[in-house]
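Enquirer: Sharing a structure below in structure tokens format, with a few things to ask.
The values are calculated or read from the model by the stated rules, or taken from the named source; none is laboratory data. It should be emphasised that the depicted structure is a prediction, and the values quoted were computed from it without experimental measurement. Ideal geometry is used to build each Cβ from the backbone, glycine not excepted, and the neighbour counts take in all protein chains shown. Surface areas here come from the heavy atoms of the whole protein model, side chains and all, with no ligands, DNA or RNA. Shrake-Rupley method; radii C 1.70, N 1.55, O 1.52, S 1.80 Å.
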Amino acid sequence: MSASAGLLVDADPDWKEVEAAMPPAPQEAGLRAFDIGSPSPNAFFVDEGSVSVGEDGVVRYTLVVRTPGGAENVTFEGIRCATGERRIYASGRKDGSWVAMKNSDWQPIGDNTYNRPRAALAWDYFCDGPAGPRDRKHALQLLQQRRDLSHPYGGR
């Protein structure tokens, strides 16, 4: 499913994004694996300690991608369910610090290989069409159980 699927609402002209505070570095014990719905040699995780739902409706989280060879990519990201967009705020360093992304604009969530983890988080976990999770607790509940896409409206 992509942003052009027609399920999303028009952007709220009065919407304002709240400032995103960088989370602490991810901790191994807080990493939750998730299925991206397509074959990949990589493993994908969300740091549960970083998950938040802002007053602006944006679901923010730390994404950790691990390759079979042991390389790791850590990013702090946001998903806006209402518009089907994603944003990468920062990239994580080995020392636990963050480097803000130079190009951190909101982008449509595409279903290509690079964006597949974001598409999976949006459409298979966090977003029910244009509706996002109510709060952090709800977002964590959604993350723990992948949506059954064989049921109408992604029933669980």
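Enquirer: Sort 26-33, 100-107 by the packing proxy (mean of other Cβ within 10 Å over each peptide's residues), most packed first.
Expert: Sorting 26-33, 100-107 by mean packing, highest first, produces 26-33, 100-107.
Enquirer: Moving on. For the chain, what is the accessible area per residue in Å², given a 1.4 Å probe and the full set of protein chains?
Expert: Counting only protein heavy atoms, the per-residue value for the chain is 55 Å².
Enquirer: Let me ask something else. Could you sort 67-75, 134-142 so that the peptide with the highest average Cβ count within 10 Å comes first and the rest follow in order?
Expert: Top of the packing list down: 134-142, 67-75.
Enquirer: At 222 nm, what helix-only mean residue ellipticity would the chain give, in deg cm²/dmol to the nearest 500, using -39500 (n - 2.57) for each DSSP H run of four or more?
Expert: Result for the chain, helices only: -2000 deg cm²/dmol.
Enquirer: If the chain between A131 and K94 were fully stretched, how many nm would it gain, using 0.36 nm times the residue separation less the Cα-Cα distance?
Expert: Full extension from A131 to K94 adds 9.9 nm.
Enquirer: Taking θ as phi - 60°, what are the ³J(HN,Hα) couplings along segment 83-93 by the Karplus curve (6.51, -1.76, 1.60), each to the nearest whole Hz, with x for Gly and Pro?
Expert: So the Karplus estimates, Gly and Pro as x, are 10, x, 10, 9, 8, 9, 7, 7, 10, x, 9 Hz.
Enquirer: Okay, next question. Could you go through segment 26-33 in sequence order and give the Karplus-derived ³J(HN,Hα) for each residue, using 6.51 cos²θ - 1.76 cosθ + 1.60 with θ = phi - 60°, rounded to whole Hz, and x for Gly and Pro?
Expert: x, 10, 3, 5, x, 7, 10, 5
Enquirer: Non-local amide H neighbours of A90 (under 5 Å, H modeled in plane, Pro and chain starts lacking H): which ones?
Expert: When sequence neighbours closer than 5 places are left aside, the close amide H contacts are F76, M101.
Enquirer: If you roll a 1.4 Å probe over the chain with all protein chains in place, what percent of the accessible area is carbon or sulfur?
Expert: After summing per-atom areas, the C and S share lands at 50 percent.
Enquirer: Which residue fluctuates most in the GNM of the chain (Cα springs below 10 Å): P41, P23, P13?
Expert: So, out of P41, P23, P13, the one fluctuating most is P13.
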